[in-house]
Amino acid sequence: IQGSLNFFSGEILLDGIRLIGGHAHDSLWHISLINNLKLQIPPENPVYSGSILTNYHYFTDIFMAFTSKFTNISVPVVYFKMMGPFLLLLFCGTIFILIFKLTQNKRLSYLAILLTALSSNLYYLAPIFYKDAKITPSVFWVDEFTTKMTNLQLLASYVVILTTLYLLLIFKDKFNMRIILILSIIIASLLGFKAYGFILIILSLLILFILRRSFNYLKLNLASIFFSFLIYKNTISSNDFPFILMPFWFIKNM
């Protein structure tokens, strides 16, 4: 059901290309970026010819570029018809195993899939209270149902975060250097999928270290920062700090 939101975009018609919903802007950028990644890594900036793209997280686009290049499937088909359902399956699967690990209850695990994959903030009910309001998913960017399908990078970051949480539960009592190495590389990769996720995990590990006083969490934190620095050096060009602190940015924009 959710994957069908993307499925009919990207069709080439007699009078143009069909782009549904929020795809009129973001998808054109990503399709161009994926085509650039098929030629070189790091890619050329799709907007500024001749310049290398920096200060951007494009690991999801790299995955789609490799998929298109080695299967000879066109980029629009990979982007609109394949990647969404594929990531949704991973998302639902990681939700299920994480909740089952926490509760040992299959019904709650199935319920968690319904609540996370198909839930919404009900933005479409706003016209009941505001008759003249022009309500679209883009106005309410924090609507999860539509945002996940127009922002595949966000969806991919959810999969990486949920996988990280599950592995932390599995290995919490048997940390060793190999486990720390694997986990830290997965956590550091978030910087290339969606940078916010990396910040959340790093802060969470720091809180765990303070609360549980376990140096394993500190070691994992420091190792993740080390590997993220390697990604950072190869994707960030500016000497300035790449993040901007803007509390209530979503609210102001809405």
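The values are calculated or read from the model by the stated rules, or taken from the named source; none is laboratory data. Quick caveat: nothing in here was measured; it's all calculated off a predicted structure. Note that each Cβ is placed from the backbone with ideal geometry, even for glycine, and that neighbours are counted across all protein chains shown. For the accessible areas, the whole protein counts, side chains as well, though only heavy atoms, and no ligand, DNA or RNA atoms are used. Shrake-Rupley method; radii C 1.70, N 1.55, O 1.52, S 1.80 Å.
Take the residues of the range 156-208 that are within 14 Å of the chain's Cα centre (by Cα) and of a type in the set (Phe, Trp, Tyr): which is least open to solvent (accessible area, probe 1.4 Å)? Before the answer, list the steps.
Narrowing the range 156-208 to residues within 14 Å of the chain's Cα centre (by Cα): 156-164, 186-201.
Add one more test, that the residue is of a type in the set (Phe, Trp, Tyr), and what stays is 158, 193, 196, 198.
On the way: Tyr158: 45, Phe193: 45, Tyr196: 81, Phe198: 23 Å².
Top of the filtered list is Phe198.
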Somewhere in the range 103-120, is a residue surrounded by fewer than 18 Cβ atoms within 10 Å (Cβ to Cβ), touching a residue at least 24 places away in the same chain (Cβ under 8 Å), within 23 Å of Ala195 (Cα to Cα) and touching a Cys at 6+ places or on another chain (Cβ under 7 Å)?
yes
Scanning the range 18-34 residue by residue, those open to solvent by 70 Å² or more (accessible area, probe 1.4 Å) and touching a residue at least 12 places away in the same chain (Cβ under 8 Å) turn out to be Ile20
Could you go through the range 142-155 and let me know if any residue there is surrounded by 16 or more Cβ atoms within 10 Å (Cβ to Cβ) and not in a helix (DSSP H, G or I).
yes
Matching residues, the range 80-107, being out of contact with any Phe, Trp or Tyr (no Cβ under 8 Å at 6 or more places or on another chain) and farther than 16 Å from Ala156 by Cα
Ile99, Phe100, Leu102, Thr103, Gln104, Asn105, Arg107
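Which of the residues that make up the range 1-38 are part of a loop (DSSP other than H, G, I, E, B) and under 13 Å from Val75 (Cα atoms)? Can you show your working first?
Start the filter on the range 1-38 by keeping residues that are part of a loop (DSSP other than H, G, I, E, B), which leaves 1-3, 8-11, 14-15, 18-20, 25, 38.
Once the filter is applied, which keeps residues that are part of a loop (DSSP other than H, G, I, E, B) and under 13 Å from Val75 (Cα atoms), the range 1-38 yields Ser9, Gly10, Glu11, Lys38.
State whether one or more residues within the range 41-48 are touching a residue at least 60 places away in the same chain (Cβ under 8 Å) and open to solvent by 30 Å² or more (accessible area, probe 1.4 Å).
Keep residues of the range 41-48 that are touching a residue at least 60 places away in the same chain (Cβ under 8 Å), which gives 42.
Filter once more, so that each one left must be open to solvent by 30 Å² or more (accessible area, probe 1.4 Å): 42.
The answer is yes; a qualifying residue exists.
Across the range 59-79, what is the total count of residues that are over 19 Å from Val159 (Cβ atoms) and touching a Gly at 6+ places or on another chain (Cβ under 8 Å)? Full working, then the answer.
Restricting attention to the range 59-79, the residues satisfying the condition of being over 19 Å from Val159 (Cβ atoms) are 68-77.
With the extra rule that they be touching a Gly at 6+ places or on another chain (Cβ under 8 Å), the set shrinks to 76-77.
Total meeting the criteria: 2.
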